[in-house]
Each structure stands twice: as structure tokens, then as C-alpha cells.
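Have a look at the structure below, then the notes.
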Amino acid sequence: MLKLYGYYRSSAAFRVRIALELKALDWESIPVNLRLGDQKQQNFQQNNPQGLVPLLESNGQFIAQSLAIIEYLEELHPDPQLLPSGITERAQVRGLAYQIAMEMHPLNNLRVLKYLEKELGLNEDKKTYWYQHWIAEGFSAFEKTLKSYGSAGQFCFGDSPSLADVCLIPQVYNGLRFKCDLSAYPLIQSIWDHCIKLDAFKSAAPENQPDATTA
């Protein structure tokens, strides 16, 4: 049994849940309430000194960082593939995923937003402006990359879900929470509309997690 320590609204945990569901793996959700500080408890930090989610427990071993977890799952359970077989195509899909996970998400995660509010004194409107600005910057480049790769608007790359979709959908989900306008990104909007109707993505959605009603 795989155990995923996560928070229902965490984009990074959302990514791993999608991967677990796409691969139809047997897993257990272990809620970590970031707002109550569960991630700062000693029993959690001894397994992940960063104090971040997600954290995967597999065969008594702990693996941190969402993309590392997903690639671990990909190697352990390669069917269905989340990365293409070709070397160039694999690098292109990773590049799409990294645009989201390494360029966009770090500027807008909960830790950053709390710092903007508590340490720099930004009010809600200014925090939202910050969020929307960096989403627009990132999605503008991502949309152009999708177009250059010939996305048909169902998935980011090719005709099946990939690591890129696993990263994109949680970012769009959060963007919509912050009232980001997607009208300038028709491919992103189309991929969102398609993927969010698929069972794996629906099961992994924040509102369908056991801690959604208590966090």
C-alpha cells in the first residue's frame, strides 16, 4: 500500500494524486493540514526535513518532491506511460512540466502568499494581483509551447495524459480559484475542459479528498 501525505489544496500533492489515479494504483491518503502546521511537527519532519507535501511512503521508504515521486511511480509502474518513449519527446514533456512546477508554481504557493501577507503587508487585492501576474506570464509562454508542439487541445502532448497534463491541471485549478482569465489561452482552456472530465483527474481533485471538509 502506497501512502501519500498531502494537503487537499496543495498543487504538488494534486499532481501526485492524478498520477496515482491514472496508473490505477492502490494508495492511502494521509492528510497533513498545512494551515494548522502539521508539516512542522517532528514526526513529519523526520521523514521530510523540508516540511513540505507531498511525501510518498513506499515499502517503508519516504520520497519527497512531486516530480521525483511521479517519476518513481513511472519507473515502478510504467503502464500507462506518463512520459513518451522517444528521448526527444520525453525531454519535451519534461520541459512542459518544469515550466509549471519550477517556474510558475514556486511563485504562487501557500508559503509565498503567506509571506507576502504577513511579512510584506500585502492585502488580499495585492496578493491576487501578484498571483494573476505570474500566472499570465507563465501561461502565455506555455500556450505558445503547446502550439509549437502541435497540441490538439485534449492533452498537452500527444493523444494521452502525460506528466505535462499532471502538472498543468492543478495549476489551472488554482488559477481559477484566484479568478485568472484563461481567455487568452485557448489550448490551455481546452485541455482543462477535457482533462477535468476524466475519472482520474476528477478523483484527484481537491474537493474529493478526505480532508477537504475539515481543512
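Since every read-out is calculated from the coordinates, none of them should be taken as a lab result. From a predicted model like this one, the values you see are computed outputs, not experimental measurements. Every residue, glycine among them, receives a Cβ derived from its backbone with ideal geometry; neighbour counts consider all protein chains shown.
Find how much the distance from residue 128 to residue 36 grows on full extension, using 0.36 nm per residue of separation minus their present alpha carbon separation; answer in nm with one decimal.
Working: separation 92, 0.36 × 92 = 33.12 nm, distance 2.24 nm.
The span from residue 128 to residue 36 would gain 30.9 nm if fully extended.
Relative to the 2.2 N^0.38 Å rule of thumb, the stretch 2-80 has a C-alpha radius of gyration ratio of 1.03.
At a temperature of 4 °C and a viscosity of 1.567 mPa s, determine how fast the chain diffuses translationally according to Stokes-Einstein, using the Kirkwood radius over alpha-carbon pairs as Rh; express D in µm²/s, rounded to the nearest whole number.
73 µm²/s
Here the label points at residue 62 and residue 3, each 7 Å from Cα along the C-beta direction, are separated by 1.0 nm in the simple model.
Rounded to the nearest 500, the 222 nm mean residue ellipticity of the chain from helices alone is -15000 deg cm²/dmol, with -39,500 (n - 2.57) taken per DSSP H run of at least 4 residues. Close lysine pairs were tallied over the chain: pairs 8 or more places apart or on different chains with Cα atoms under 26 Å apart number 24. Rounded to two decimals, the Cα-based Rg/Rh of the stretch 141-215, with Kirkwood Rh, is 1.00.
At q = 0.20, 0.22, 0.33 Å⁻¹, what log₁₀ I(q)/I(0) does a Debye calculation on the Cα points of the stretch 100-141 give, no solvent, two decimals? Rounded to two decimals, the profile gives -0.58, -0.68, -1.13.
Kirkwood-based Rg over Rh for the stretch 87-200 (C-alpha set), two decimals? Could you put the intermediate results ahead of the total?
Values: Rg = 14.6 Å, Rh = 14.6 Å.
Expressed as Rg/Rh, it is 1.00.
Within the set of other residues whose C-beta is less than 14 Å from the C-beta of residue 36, count the net charge using Lys and Arg as +1 and Asp and Glu as -1.
Values: positive: 9, 35, 40, 114; negative: 38, 211.
With Lys, Arg at +1 and Asp, Glu at -1, the neighbours total +2.
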